[in-house]
1. Inspect all residues belonging to segment 167-177 and state whether any of them is surrounded by fewer than 16 Cβ atoms within 10 Å (Cβ to Cβ), farther than 18 Å from residue 89 by Cβ, touching a residue at least 24 places away in the same chain (Cβ under 8 Å) and in contact with a helix residue (DSSP H, G or I) (Cβ under 8 Å, 6 or more places away or on another chain).
2. Got a sec? Which of 152, 180 is surrounded by 17 or more Cβ atoms within 10 Å (Cβ to Cβ), free of Cβ contacts under 8 Å to residues at least 40 places away in the same chain and of a type in the set (A, V, I, L, M)?
3. Just for segment 37-77: of the residues that are assigned to a loop (DSSP other than H, G, I, E, B) and modelled with pLDDT of 75 or more, which one is surrounded by the fewest Cβ atoms within 10 Å (Cβ to Cβ)?
4. Looking at 120, 135, which is the one that is under 18 Å from the mean Cα position of the chain (by Cα) and under 28 Å from residue 256 (Cβ atoms)?
5. Inside segment 189-242, can you point out the residues that are surrounded by 13 or more Cβ atoms within 10 Å (Cβ to Cβ), among the polar types (S, T, N, Q) and within 20 Å of residue 69 (Cβ to Cβ)?
6. Scan segment 223-251 residue by residue and report those that are closer than 19 Å to residue 187 by Cα and either outside the structural domain of residue 134 (by TED's automatic domain parsing) or under 17 Å from the mean Cα position of the chain (by Cα) (or both).
7. Provide a single number: the residues in segment 210-247 that are aliphatic (A, V, I, L, M), in contact with a helix residue (DSSP H, G or I) (Cβ under 6 Å, 6 or more places away or on another chain) and more than 15 Å from residue 76 (Cα to Cα).
8. Counting only residues that are of a type in the set (Ser, Thr, Tyr) and outside any loop (DSSP other than H, G, I, E, B), which one in segment 87-126 is surrounded by the most Cβ atoms within 10 Å (Cβ to Cβ)?
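The values are calculated or read from the model by the stated rules, or taken from the named source; none is laboratory data. Since the model is a prediction, treat every value here as computed from it, not as a measurement. Virtual Cβ from ideal backbone geometry, glycine too; neighbours counted across all protein chains shown.
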Amino acid sequence: MGPAIAGALILVTNVNITLVINSVAFLLAAILLLLLPETDNFEKNTAPKLSFKQIKDDFTVSITFMRENSYVAFVYISFLATTIFTFAMDTQEVVFTQLVVGLTEMDYSMLISITGIGAIVGAFLVSIFTKGISIRLLIITGIIMQTIGYLIYAFSWSFLSIATGFVILGFFNTFLNTGIVTFYQNNIPVDKMGRITSIFQLFQSSVQIIFVLLVGAVAELIPLRLTIIILSICMLVVAIIITVAVLHPVKKGYFKEA
């Protein structure tokens, strides 16, 4: 929703006005959060403080869980790998579309809006048909089609070809996220979910930073299009691995609705 609105604002105004509107929106959101009533029913003094021991304990809990539930950890970490690939490609998006493909800033704004619209339509359809679509189908359809969207983007040569890729990846991203989040919530105990999630996010953020810097350095050595193509092919390989893992007949029980 956000990218679609931002893209539309850039089209009807300009980048500076859009940034001002975005800043005001953040400020209003912060004010509204301050006005929310306090609903916590626990003593804040009893909450554990962040410390090295706390982080170490979280690591221990997470590693123990991953050893005992290797399949769940494998599927989710594979998904995180695809998000790292997509993030690395997204950081080069402006340069790729404008310098490699030759699009203008106006074209890029329209692409962002189109992607946002695709995501909105995808979310709408998922919300309507969610009861009739299995978790496995959501994950498989989402990861394969999102990857196809990035492949089209990597080999694109015009506004229309990039727009096609963006619509596909925006539309099916909702399918993937809905399926993965449901799978994650169904297979991780509620009392451990916060600690395990924090470690996964720490791992993802750390790898993401290193990977983006590496991709930036590689893009200086080889053509940017080749870099994006390599990343999208790597993403395709991981997507196929996830698909095979999800379709494994023995693992069907992991994808039952809670």
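1. Taking segment 167-177 first, the residues surrounded by fewer than 16 Cβ atoms within 10 Å (Cβ to Cβ) are none.
No, segment 167-177 contains no residue that is surrounded by fewer than 16 Cβ atoms within 10 Å (Cβ to Cβ), farther than 18 Å from residue 89 by Cβ, touching a residue at least 24 places away in the same chain (Cβ under 8 Å) and in contact with a helix residue (DSSP H, G or I) (Cβ under 8 Å, 6 or more places away or on another chain).
2. Details: 180 fails: free of Cβ contacts under 8 Å to residues at least 40 places away in the same chain.
Result of the check over 152, 180: 152.
3. The first filter runs over segment 37-77 and keeps only residues assigned to a loop (DSSP other than H, G, I, E, B), leaving 37-43, 47-51, 69.
In the following step, the residues that additionally are modelled with pLDDT of 75 or more were identified as 37, 69.
Details: 37: 4, 69: 16.
Restricting to residues being assigned to a loop (DSSP other than H, G, I, E, B) and modelled with pLDDT of 75 or more, the top hit is 37.
4. 135
5. 197, 198, 204
6. 242
7. 9
8. Ranking the qualifying residues of segment 87-126, first place goes to 115.
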